[in-house]
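No value in this document is a laboratory result; all are computed from the given coordinates. As the structure is a prediction and not an experimental result, all values here were calculated from the model. Here the Cβ positions follow ideal geometry from the backbone for every residue, glycine too, while neighbour counts run over all protein chains shown.
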């Protein structure tokens, strides 16, 4: 079975691809949901927050309304993410349970600082997977990536260890992982991070390249040491129950210097939708808070209405790749969907079967 971050996982949803081919629109499979813009970390390169966002936070009734609409719109999975840090929302535990009760697969991405006690139990009881964005194996690198000191680092590590212990105690099937955004400034912790994950007993450690944010100059994507150390981490630390995962396709493109796009239009946003804490929807996660990339407001229109609206269609057509980071959220989808749209990848060449872990999270 292919791991949960395989770039071709969109093929687990062939009926949606065919729907898009027929009409130019697909019902989204996965929804990213920001229930709050508030956070208890101070990450210098925060991916989730944009100055155009405020300190908005959804009410629990608003969350329930959104989740019902997601299910009615054909959504299969929801990832509680940010935006802000989802665990600072006072109703996040109830929100996870309600999402599951709606028939959705549920996931949580968290910085781990509040992932303890009753909330930890709610995560393990309701989530298909959860990932702690640790991004360090030492207090020094943690300070550089999360803007907090050694006490916070130790607390997140302890919370993660306790979560793993509770998972074993409750026999939860929730996959627990830790994430690491790679850059030249964090490279020294790549191998120690894998060793830390093995010690903690998590299911996987995942590496991804950090991406530039909207409006920023291109960052240093150099990867020779990074790729070498990730490979070494896999050789030294991976075992049958502990995986070392990374965005192989992205690192290979970076290594070859192929940061451009081999497609002329963004199609991936048809399959993965973004809802922010102010109830506005955006064309993708990279465009949170950027007004011209808002496709609608759930305070004014239903999700189904937004998805079928001229406003959304207009924003989609107006996507300017100059605003997008290289190797963006939809890049792997777009490479596949473009090849399909041009006839280069006909249905006869699509992968057979359903061989992807966590297939509803694309």
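Site pair residue 55 and residue 154 shows an inter-label distance of 3.0 nm when each label is modelled 7 Å from Cα along Cα→Cβ. Residue exposure proxy: 145, 175, ordered by other Cβ atoms within 10 angstrom of their Cβ from fewest to most, comes out as 175, 145. Candidate values [x] 19.5, 55; [y] 21.2, 66; [z] 20.3, 60 were compared with Rg and Dmax of the Cα atoms in Å computed on the shown model; the agreeing label is [x].
Take the Cα of residue 171, go 7 Å toward its beta carbon, and none of the backbone nitrogen atoms of the range 88-115 fall under 16 Å from that spot.
Run lengths n ≥ 4 of DSSP H only: what is the helix-derived mean residue ellipticity at 222 nm for the chain, with -39500 (n - 2.57) per run over all residues, to the nearest 500? If you can, show how the numbers build up before the last one.
Working: 12 runs with 129 residues, N = 362.
It comes out at -10500 deg cm²/dmol, rounded to the nearest 500.
Among 59, 6, 247, which comes first, then next, by fewest other beta-carbon atoms within 10 Å? Write out the running numbers ahead of the final one.
On the way: 59 12, 6 22, 247 19.
Ranking 59, 6, 247 by Cβ neighbours within 10 Å, fewest first, gives 59, 247, 6.
Sorting 279, 58 from the fewest to the most surrounding beta carbons within 10 angstrom yields 279, 58. In this calculation the C-beta distance from residue 231 to residue 121 is compared with R0 = 35 Å, giving a FRET efficiency of 0.45.
Taking 0.36 nm per residue of sequence separation and removing the Cα-Cα distance, the residue 292/residue 308 pair yields an extension gain of 4.0 nm. Expressed in units of 2.2 N^0.38 Å, where N is the residue count, the Cα radius of gyration of the range 54-143 is 1.14.
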